[in-house]
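**Student:** Once you've had a glance at the structure underneath, I'll fire off some questions.
The values are calculated or read from the model by the stated rules, or taken from the named source; none is laboratory data. Please read all numbers here as calculations on a predicted model, not as lab measurements. In this analysis, Cβ positions are derived from the backbone assuming ideal geometry, glycine residues included, and neighbour counts consider all displayed protein chains.
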């Protein structure tokens with residue numbers, strides 16, 4: 001599991017340290033419903049209100065040259081390879097499969113500046129505001145305490161259904177009071193990531209009302225643009241769907257991720273409106289996790305994880321699961337076999353060796369990054385040279401499976 005960076009002061013918070021820089025902090029002259037720090041944000045962050053739109057700009061004809069001359073904020077990564085500013089993300093998973101734990105991990109990892117998140121580099125700290133609209137606050141307190149181990153930070157703000165009940169504000173994206181309070185919380189914190197858990201609460205269970213989903217996505221898009229932040233919305237698969245039939249001919253995340261996402265609650269408009277599709281599914285003694293930025297650059301990656309005693313998801317043996325996660329298609333299997341097993345090679349040489357199996361340079365580049373992240377190819381002593389590891393044979397896998405079954409029988 002990754003550890004905290006401990007090389008420099010971080011926002012003058014005791015117990016927290018980092019080499020990274022904070023993306024935002026909050027001006028003292030803005031009324032706040034949460035604790036804030038003192039540095040001023042970019043002026044664009046504080047302009048207007050998502051719940052109370054500003055007057056429209058007058059129409060101006062726009063040629064393609066005009067468009068290309070416009071300044072747009074960069075697509076800055078919060079976590080390299082999986083999460084960028086202004087991404088709209090859906091996270092699909094059955095109840096009790098680990099969605100909320102994953103959301104906690106994500107926010108705390110950015111707040112405490114862990115070096116990586118499941119092997120994906122965190123280049124700098126990022127701020128999260130989360131709206132947990134379903135789970136019990138007391139249960140979440142215990143989990144987050146175990147994750148943070150006494151650390152202090154103001155980079156992670158969160159609100160629960162109890163807070164909205166205390167404010168006498170209905171949880172519904174069509175209610176102006178709800179949108180106003182979300183806007184106030186975001187203005188106070190200036191988040192880089194905004195999380196809603198979950199879709200059903202936001203639309204009052206009107207999952208199949210395309211107009212209500214459109215209102216939600218318009219609100220999410222407005223938040224993303226105003227705060228230059230990623231927006232993540234968690235959702236369940238439909239009850240009784242093929243995703244619910246694990247072990248009985250149902251759809252699984254690893255075997256058919258596209259159909260898995262099609263079973264998300266809500267009209268297809270919800271999934272189609274989110275450019276990044278994340279999925280989580282517990283199968284037996286491990287959890288499959290898919291993280292992607294499909295619309296931005298067409299990439300997605302599988303990771304197999306288990307939860308430790310401190311409520312953190314950790315990657316399990318990448319060697320054991322390689323054929324399920326990264327050597328999992330005919331093209332990838334052929335490309336893997338074309339890499340030399342008994343000598344070192346460079347990235348450029350590897351690209352040439354596998355061209356017959358993987359013609360696209362971008363596809364190869366994405367696959368190569370996964371091989372390196374999962375340590376299926378490792379640096380060989382000399383700079384920019386790599387060797388591939390030896391995967392277990394079918395016979396070795398059968399023997400390991402038999403040992404595990406025998407061990408389980410003995411314990412019983």
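Table: residues versus (1) loosely packed, with under 14 Cβ neighbours inside 10 Å; (2) in a strand (DSSP E or B); (3) in contact with a helix residue (DSSP H, G or I) (Cβ under 6 Å, 6 or more places away or on another chain).
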| position | (1), (2), (3) |
| --- | --- |
| 145 | yes, no, no |
| 186 | no, no, yes |
| 215 | no, no, no |
| 220 | no, no, no |
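**Student:** Next up: In the stretch 346-367, which residues are closer than 20 Å to residue 390 by Cβ, surrounded by 16 or more Cβ atoms within 10 Å (Cβ to Cβ) and modelled with pLDDT of 90 or more?
**Tutor:** 350, 354, 357
**Student:** Look through the stretch 308-345, keep the residues that are farther than 30 Å from residue 108 by Cβ and touching a strand residue (DSSP E or B) at 6+ places or on another chain (Cβ under 7 Å), and return whichever of them is surrounded by the most Cβ atoms within 10 Å (Cβ to Cβ).
**Tutor:** Residue satisfying both the conditions and the ranking: 345.
**Student:** What tally of residues in the stretch 307-330 results from selecting those that are over 16 Å from the mean Cα position of the chain (by Cα) and at pLDDT 90 or above?
**Tutor:** Here the count works out to 5.
**Student:** Please determine whether any residue of the stretch 160-176 is under 22 Å from residue 311 (Cβ atoms), in contact (Cβ under 8 Å) with a residue 60 or more places away in the chain and not in a helix (DSSP H, G or I).
**Tutor:** Scanning the stretch 160-176, I find no residue that is under 22 Å from residue 311 (Cβ atoms), in contact (Cβ under 8 Å) with a residue 60 or more places away in the chain and not in a helix (DSSP H, G or I), so the answer is no.
**Student:** Another question, if that's okay. Test residue 200 against the criterion of being in contact (Cβ under 8 Å) with a residue 40 or more places away in the chain, assigned to a helix (DSSP H, G or I) and within 15 Å of residue 90 (Cβ to Cβ), and give yes or no.
**Tutor:** yes
**Student:** Go through the stretch 228-252 and give me each residue that's in contact with a strand residue (DSSP E or B) (Cβ under 7 Å, 6 or more places away or on another chain), modelled with pLDDT of 85 or more and farther than 18 Å from residue 268 by Cβ. Even if it seems obvious, please write down each step before you answer.
**Tutor:** Initially, the stretch 228-252 is screened for residues in contact with a strand residue (DSSP E or B) (Cβ under 7 Å, 6 or more places away or on another chain), giving 229-235, 237, 243-244, 246, 252.
Filter once more, keeping what is modelled with pLDDT of 85 or more: 229-235.
If the condition is that a residue be in contact with a strand residue (DSSP E or B) (Cβ under 7 Å, 6 or more places away or on another chain), modelled with pLDDT of 85 or more and farther than 18 Å from residue 268 by Cβ, then 229, 230, 231, 232 are the ones that fit.
**Student:** Go through (1) buried (at least 17 other Cβ atoms within 10 Å of the Cβ); (2) not in a helix (DSSP H, G or I) and name the single condition residue 392 misses.
**Tutor:** Failed condition: (1).
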